[in-house]
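Below you'll find the structure, written out as structure tokens, and then a few comments.
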Amino acid sequence: MKNIFIVLSFLWVSPLLAQKYMSRSAEVYFLSDKDAVEIVEATNNQVGAVIDLENGAIAFQIQMRAFHFDIALMEEHFNENYVESYRYPKATFRGSFVDLPKDLSTPQILTVAGTMEFHGVKKDMEIEVSLSLKESILQGDAKFDLLCSDFDIEIPKIVADKLANTIQVTVKASLTKL
Amino acid sequence: MKYLIIFAFLVSSSIAAQDDLFSLLGDDTSSQEVRATFKGTRVINGQSIELPSKGDLQFVIEHRFGTINSGAYELWGLDQSQMRMSFDYGITNNIAIGVARNSFQKTYEASVKSKLLKQKFQNGSPISITSYHAIFANSIHWATPERENLFSSRLSYAHQVMIARKFNQSFSLQLTPTYIHRNLVELESINNDYLALGLGGRYKLTKRVSLNAEYFHQLERPNENFTNSLSLGFDIETGGHVFQLHITNSQGMFERAFIGETTGKWSEGDLYFGFNISRVFGLK
């Protein structure tokens with residue numbers, strides 16, 4: 001009886017957790033176009049990320065208020081006037097790897113298809129991700145562009161020629177096995 | 001019974017396995033501080049709980065024109081004005097120091113402002129508390145130079161505790177208990193100490209414009225000639241600047257003057273139009 005219980009509880013745990021990797025300290029950095037007059041850049045290193053290697057599912061959760069800027073006033077304006085973090089406190093990405101190879105010992109460039117939800121707007125996207133698995137750490141890196149206009153982020157006319165519409169996003173995540 | 005437990009385990013596992021990956025990440029916002037309770041470091045005349053961030057130098061220039069009821073000859077007050085300019089610097093995110101000069105009685109000021117408690121979104125303080133301490137020194141010529149005059153007679157002090165809550169994105173309210181001391185007063189009938197309770201609030205009309213109101217109730221009046229200060233105004237924010245336009249019955253722009261020595265009466269139209277312009281310079 002005891003043995004059956006152990007086996008069963010093992011079965012209960014294993015499918016749920018065995019292939020899931022997670023991090024609560026992934027980093028998202030963004031930079032508005034370098035050619036713009038006002039360079040806006042910020043880093044958030046409290047990003048939550050989960051990847052399930054069994055089915056290739058991927059999820060990111062970004063607390064907007066955790067973006068740190070060098071200029072405090074810029075951080076305040078980012079939250080209050082642009083991304084409206086009081087109304088949309090987080091951005092999320094959910095999707096899955098289009099094709100996930102079994103062997104990740106060397107970094108693989110893979111495509112993730114999914115939905116970005118940011119500033120209350122959902123957008124389907126495909127993102128190139130470099131993924132590797134070494135010593136039970138799943139390392140994922142990505143770099144892609146977002147357009148403010150795609151996510152209804154309003155740039156006032158008075159600063160329109162100073163701020164870029166294109167935002168370069170860099171993601172670095174080291175996920176450990178759950 | 002045991003089988004039932006195992007069965008329950010199995011059922012719950014199959015549900016959990018399909019559950020969203022997001023449930024693993026949780027939703028922890030407990031450590032996040034509420035920011036931008038007010039747009040500026042001043043509600044109107046009085047200090048707000050905000051202070052310049054670490055390494056930021058804030059320059060504020062303020063004007064109060066003459067009374068609006070002074071008529072066309074004075075261009076409704078615009079011919080006369082009092083001004084104040086101040087520099088405030090954030091030593092850390094919680095402590096700022098400042099110096100200022102007022103044209104009223106040619107008064108110099110030095111101040112320390114510190115954040116004592118910060119409102120959190122969840123699982124934390126529901127209010128923010130900031131303290132403000134200022135010393136004022138007037139530099140006008142002595143009224144009676146023939147007698148012995150002490151420098152200490154020029155000094156007065158203000159101590160304030162600002163208690164504020166940002167109720168939602170638009171609405172913030174602040175209570176400001178205030179204690180003011182003057183070393184020397186003009187008449188025996190004027191008290192050296194006075195206590196007041198301030199009430200200030202702002203309501204955001206758009207992302208960058210808010211309506212502000214401020215009232216200081218004198219709990220212990222220095223003298224019956226002085227009235228309570230009431231001000232109404234707008235904050236307009238444009239990038240690194242905050243413009244504040246207002247109407248008030250106080251012409252003085254430092255605590256001793258507007259809390260203790262306001263003489264204008266709203267009922268008689270002794271109102272002053274004024275503005276504050278603040279600009280932040282990053283020095284780091």
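Odds and ends about this structure:
- Of B:N183, B:N149, all but one fail to be more than 26 Å from A:S85 (Cβ to Cβ), modelled with pLDDT under 95 and in contact with a helix residue (DSSP H, G or I) (Cβ under 9 Å, 6 or more places away or on another chain); the exception is B:N183.
- Qualifying residue in region A:100-109 (condition: touching a strand residue (DSSP E or B) at 6+ places or on another chain (Cβ under 7 Å) and in a strand (DSSP E or B)): yes
- All positions within region B:230-269 that are within 14 Å of another protein chain (Cβ to nearest Cβ), in contact (Cβ under 8 Å) with a residue 40 or more places away in the chain and either part of a strand (DSSP E or B) or closer than 16 Å to B:Q160 by Cβ (or both): B:D235, B:E237, B:V242
- Residues located in region A:136-172, provided they are surrounded by fewer than 14 Cβ atoms within 10 Å (Cβ to Cβ), charged (D, E, K, R) and at pLDDT 90 or above: A:D145, A:D152
- Within region A:19-60, the residues that satisfy the criterion of being in contact with a Phe, Trp or Tyr (Cβ under 6 Å, 6 or more places away or on another chain) and not small (G, A, S) are A:T43, A:N44, A:I51, A:F60.
- Criterion (crowded, with 16+ Cβ neighbours inside 10 Å and under 20 Å from B:K204 (Cα atoms)) met by exactly one of B:H241, B:H246: B:H246
- Residues satisfying the stated conditions in region A:95-116, i.e. surrounded by fewer than 18 Cβ atoms within 10 Å (Cβ to Cβ) and within 14 Å of chain B (Cβ to nearest Cβ): A:S96, A:T115
- One residue stands out in region B:194-238 among those that are under 22 Å from B:V280 (Cβ atoms) and among the aliphatic types (A, V, I, L, M): the one that is surrounded by the fewest Cβ atoms within 10 Å (Cβ to Cβ), namely B:V209.
- Tabulated pairs, region A:21-47, first acidic (D, E), second not in a strand (DSSP E or B), C-beta under 8 angstrom, 6+ apart or interchain: A:D33/A:A164; A:D33/A:N165; A:D35/A:A164; A:E38/A:V159; A:E38/A:K162; A:E38/A:L163; A:E41/A:F69; A:E41/A:D70
- Of all the residues in region B:84-103, those that are in a strand (DSSP E or B), of a type in the set (A, V, I, L, M, F, W, C) and closer than 24 Å to B:K118 by Cβ number 3.
- Selection status of B:S86, surrounded by 16 or more Cβ atoms within 10 Å (Cβ to Cβ), closer than 21 Å to B:E261 by Cα and at pLDDT 95 or above: yes
- Here B:V185, B:V161 are screened, and the one residue that is assigned to a loop (DSSP other than H, G, I, E, B), surrounded by 14 or more Cβ atoms within 10 Å (Cβ to Cβ) and among the β-branched types (V, I, T) is B:V185.
- Taking region B:186-233 as the range and being among the acidic types (D, E) and modelled with pLDDT under 95 as the test, the residues that pass are B:E186, B:E188, B:D193, B:E220, B:E224.
- Filter pass, B:D88 being among the acidic types (D, E) and over 15 Å from the mean Cα position of the chain (by Cα): no
- Qualifying residue in region B:217-225 (condition: within 14 Å of another protein chain (Cβ to nearest Cβ) and either touching a strand residue (DSSP E or B) at 6+ places or on another chain (Cβ under 6 Å) or within 30 Å of B:Q122 (Cβ to Cβ) (or both)): no
The values are calculated or read from the model by the stated rules, or taken from the named source; none is laboratory data. Computed from a predicted model, the values in this text were never measured in an experiment. Quick reminder, even Gly has a Cβ in these numbers, built from the backbone with ideal geometry, and neighbours come from all protein chains shown.
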